[in-house]
Amino acid sequence: MRKVALEAACGILTDEGPQAVTLTAVAKRISRTHANVLHHFGSAEGLRRAMAETMAVRVVGTIASEVRRMRETEDDARAVVDLVFDIFEREGLSALMSWMTLSGDHAALAPIMESLHDLVEQLGDHRGASVRRITQALVMGALADGLLGAPIASALDLPREAMRETMATQIKHMRGW
(Lines give C-alpha, C1' and ligand atoms only; values in the text may rest on other atoms or scores of the structure.)
Protein backbone atom coordinates (compact mmCIF):
# COMPACT_ATOMS: atom_id res chain seq x y z
CA MET A 1 0.00 0.00 0.00
CA ARG A 2 2.80 2.42 0.91
CA LYS A 3 4.59 1.78 -2.39
CA VAL A 4 1.39 2.29 -4.37
CA ALA A 5 0.72 5.54 -2.51
CA LEU A 6 4.26 6.78 -3.20
CA GLU A 7 3.92 5.99 -6.89
CA ALA A 8 0.63 7.90 -6.93
CA ALA A 9 2.22 10.85 -5.13
CA CYS A 10 5.08 10.95 -7.63
CA GLY A 11 2.55 10.82 -10.46
CA ILE A 12 0.65 13.75 -8.99
CA LEU A 13 3.92 15.64 -8.62
CA THR A 14 4.81 15.27 -12.29
CA ASP A 15 1.25 15.75 -13.55
CA GLU A 16 0.08 18.66 -11.40
CA GLY A 17 3.05 20.04 -9.44
CA PRO A 18 4.10 19.87 -5.80
CA GLN A 19 1.21 21.93 -4.43
CA ALA A 20 -1.21 19.23 -5.62
CA VAL A 21 0.49 16.45 -3.63
CA THR A 22 -1.75 16.07 -0.61
CA LEU A 23 -2.80 13.07 1.42
CA THR A 24 -6.33 13.52 0.10
CA ALA A 25 -5.17 13.65 -3.54
CA VAL A 26 -3.06 10.52 -3.10
CA ALA A 27 -5.96 8.74 -1.40
CA LYS A 28 -8.30 9.69 -4.23
CA ARG A 29 -5.83 8.54 -6.91
CA ILE A 30 -5.47 5.08 -5.34
CA SER A 31 -9.11 4.76 -4.25
CA ARG A 32 -8.37 4.73 -0.54
CA THR A 33 -9.39 6.94 2.34
CA HIS A 34 -7.44 9.89 3.66
CA ALA A 35 -7.08 8.04 6.97
CA ASN A 36 -5.59 5.02 5.21
CA VAL A 37 -2.88 7.11 3.53
CA LEU A 38 -2.32 9.08 6.73
CA HIS A 39 -1.72 5.78 8.56
CA HIS A 40 1.22 4.96 6.25
CA PHE A 41 2.93 8.37 6.37
CA GLY A 42 1.77 10.08 9.56
CA SER A 43 1.42 13.49 7.92
CA ALA A 44 1.82 15.40 4.67
CA GLU A 45 5.39 16.09 5.74
CA GLY A 46 5.93 12.35 6.16
CA LEU A 47 4.61 11.80 2.65
CA ARG A 48 7.00 14.41 1.22
CA ARG A 49 9.94 12.85 3.05
CA ALA A 50 9.03 9.40 1.79
CA MET A 51 8.78 10.82 -1.74
CA ALA A 52 12.22 12.39 -1.37
CA GLU A 53 13.69 9.10 -0.16
CA THR A 54 12.12 7.16 -3.02
CA MET A 55 13.20 9.66 -5.64
CA ALA A 56 16.71 9.93 -4.20
CA VAL A 57 17.32 6.19 -4.43
CA ARG A 58 16.01 6.02 -8.01
CA VAL A 59 17.77 9.17 -9.18
CA VAL A 60 21.14 8.43 -7.64
CA GLY A 61 21.14 4.86 -8.94
CA THR A 62 20.40 6.04 -12.46
CA ILE A 63 23.04 8.77 -12.33
CA ALA A 64 25.66 6.39 -10.90
CA SER A 65 25.10 3.91 -13.72
CA GLU A 66 25.43 6.61 -16.37
CA VAL A 67 28.57 8.12 -14.83
CA ARG A 68 30.23 4.70 -14.67
CA ARG A 69 29.30 4.02 -18.28
CA MET A 70 30.62 7.40 -19.33
CA ARG A 71 33.94 6.75 -17.57
CA GLU A 72 34.31 3.42 -19.34
CA THR A 73 33.46 4.72 -22.79
CA GLU A 74 34.87 8.25 -22.42
CA ASP A 75 31.58 9.59 -23.79
CA ASP A 76 30.91 13.28 -23.80
CA ALA A 77 29.54 14.79 -20.59
CA ARG A 78 26.35 15.74 -22.44
CA ALA A 79 24.82 12.30 -21.81
CA VAL A 80 25.12 12.75 -18.04
CA VAL A 81 23.87 16.34 -18.25
CA ASP A 82 20.81 15.26 -20.25
CA LEU A 83 20.08 12.43 -17.83
CA VAL A 84 20.33 14.59 -14.71
CA PHE A 85 18.44 17.54 -16.21
CA ASP A 86 15.66 15.20 -17.41
CA ILE A 87 15.32 13.64 -13.96
CA PHE A 88 15.15 16.99 -12.23
CA GLU A 89 12.63 18.45 -14.68
CA ARG A 90 10.48 15.59 -15.98
CA GLU A 91 10.32 13.55 -12.78
CA GLY A 92 9.60 16.62 -10.68
CA LEU A 93 12.71 16.58 -8.50
CA SER A 94 13.31 20.33 -9.04
CA ALA A 95 9.75 21.11 -8.04
CA LEU A 96 9.86 18.81 -5.02
CA MET A 97 13.19 20.19 -3.75
CA SER A 98 12.15 23.82 -4.20
CA TRP A 99 8.76 23.20 -2.58
CA MET A 100 10.43 21.61 0.44
CA THR A 101 12.91 24.46 0.71
CA LEU A 102 10.30 27.21 0.37
CA SER A 103 7.97 25.53 2.85
CA GLY A 104 10.81 25.33 5.37
CA ASP A 105 10.91 21.52 5.36
CA HIS A 106 14.69 21.35 5.03
CA ALA A 107 14.86 18.03 6.88
CA ALA A 108 12.95 16.40 4.01
CA LEU A 109 15.84 17.26 1.70
CA ALA A 110 18.20 15.12 3.80
CA PRO A 111 17.61 11.85 1.90
CA ILE A 112 18.39 13.54 -1.41
CA MET A 113 21.52 15.25 -0.07
CA GLU A 114 22.70 12.07 1.68
CA SER A 115 22.20 10.04 -1.49
CA LEU A 116 24.15 12.58 -3.53
CA HIS A 117 26.92 12.60 -0.92
CA ASP A 118 27.08 8.79 -0.95
CA LEU A 119 27.22 8.78 -4.74
CA VAL A 120 30.11 11.25 -4.79
CA GLU A 121 31.96 9.23 -2.15
CA GLN A 122 31.42 6.06 -4.16
CA LEU A 123 32.56 7.60 -7.44
CA GLY A 124 35.51 9.48 -5.98
CA ASP A 125 37.63 11.89 -7.96
CA HIS A 126 38.33 10.92 -11.54
CA ARG A 127 41.50 11.87 -13.36
CA GLY A 128 42.13 14.58 -10.80
CA ALA A 129 38.74 16.22 -11.35
CA SER A 130 36.80 17.06 -8.20
CA VAL A 131 33.61 15.03 -8.38
CA ARG A 132 32.19 17.15 -5.56
CA ARG A 133 32.50 20.37 -7.56
CA ILE A 134 31.20 18.75 -10.71
CA THR A 135 28.23 17.30 -8.80
CA GLN A 136 27.48 20.66 -7.20
CA ALA A 137 27.52 22.44 -10.56
CA LEU A 138 25.44 19.73 -12.22
CA VAL A 139 22.80 19.56 -9.47
CA MET A 140 22.51 23.34 -9.16
CA GLY A 141 22.24 23.68 -12.94
CA ALA A 142 19.63 20.93 -13.19
CA LEU A 143 17.64 22.36 -10.28
CA ALA A 144 17.57 25.86 -11.76
CA ASP A 145 16.88 24.64 -15.28
CA GLY A 146 14.06 22.42 -14.07
CA LEU A 147 12.38 25.38 -12.43
CA LEU A 148 13.09 28.29 -14.76
CA GLY A 149 14.94 26.96 -17.81
CA ALA A 150 12.15 27.36 -20.35
CA PRO A 151 11.09 30.93 -19.46
CA ILE A 152 14.68 32.16 -19.15
CA ALA A 153 15.70 30.62 -22.48
CA SER A 154 12.65 32.18 -24.07
CA ALA A 155 13.31 35.61 -22.55
CA LEU A 156 16.91 35.50 -23.77
CA ASP A 157 15.90 34.16 -27.19
CA LEU A 158 18.06 31.06 -26.69
CA PRO A 159 17.27 27.48 -27.63
CA ARG A 160 15.84 25.44 -24.75
CA GLU A 161 18.92 23.18 -24.89
CA ALA A 162 21.38 26.06 -24.34
CA MET A 163 21.84 25.46 -20.60
CA ARG A 164 22.51 21.78 -21.18
CA GLU A 165 25.16 22.63 -23.75
CA THR A 166 26.73 25.15 -21.37
CA MET A 167 26.76 22.65 -18.50
CA ALA A 168 28.29 19.89 -20.64
CA THR A 169 31.06 22.28 -21.70
CA GLN A 170 31.61 23.36 -18.11
CA ILE A 171 31.88 19.75 -16.91
CA LYS A 172 34.27 18.94 -19.72
CA HIS A 173 36.52 21.79 -18.59
CA MET A 174 36.19 20.81 -14.93
CA ARG A 175 37.26 17.28 -15.86
CA GLY A 176 40.31 18.66 -17.66
CA TRP A 177 39.36 17.35 -21.10
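If I take every Cα pair under 8 Å that is 6 or more residues apart in the chain, average their sequence separation and divide by the length, what percent do I get for the relative contact order? Write down the numbers at each step before the final one.
Values: 175 pairs, mean separation 40.5, N = 177.
Rounded, it is 23 percent for the chain.
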Checklist outcome for this item: Once the dipole of the chain is set up from charges on Cβ (+1 Lys and Arg, -1 Asp and Glu), the residue from the list Leu6, Met70, Gly149 lying farthest towards its positive end is Leu6
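Mind ranking Lys3, Lys172 by accessible surface for me, highest first, 1.4 Å probe?
Values: Lys3 145, Lys172 90 Å².
The ranking, largest first, comes out as Lys3, Lys172.
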Checklist entry - Which value at 222 nm does the chain reach when only helices count, each DSSP H run of 4 or more adding -39,500 (n - 2.57), with the total divided by all residues and rounded to the nearest 500 deg cm²/dmol? => result -25000 deg cm²/dmol
Item to check | Listed residues Arg175, Arg32, Arg78, Arg160 arranged by accessible area, highest first, probe 1.4 Å | outcome: Arg32, Arg160, Arg78, Arg175
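Can you check what the net charge comes to around Thr14, using other residues whose Cβ is under 9 Å from the Cβ of Thr14 (Lys, Arg +1; Asp, Glu -1)?
Details: positive: Arg90; negative: Asp15, Glu16, Glu91.
It works out to a net charge of -2.
Once you sort the root eigenvalues of the Cα gyration tensor of the chain as a ≥ b ≥ c, which label holds: rounded (a/c under 1.5), prolate (a/b larger than b/c) or oblate (the other case)? Please report the intermediate quantities before stating the final value.
Details: a/c = 2.48, a/b = 1.71, b/c = 1.45.
Prolate.
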Checklist entry - Where Lys and Arg each count +1 and Asp and Glu each count -1, what net charge lies around Leu158 among other residues with Cβ under 13 Å from its Cβ? => result -2
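The values are calculated or read from the model by the stated rules, or taken from the named source; none is laboratory data. Only a predicted model underlies this, so the values are computations on that prediction, with no experimental measurement involved. Note that we place each Cβ from the backbone using ideal geometry, even for glycine, and neighbour counts take in every protein chain shown. For the accessible areas, the whole protein counts, side chains as well, though only heavy atoms, and no ligand, DNA or RNA atoms are used. Shrake-Rupley method; radii C 1.70, N 1.55, O 1.52, S 1.80 Å.
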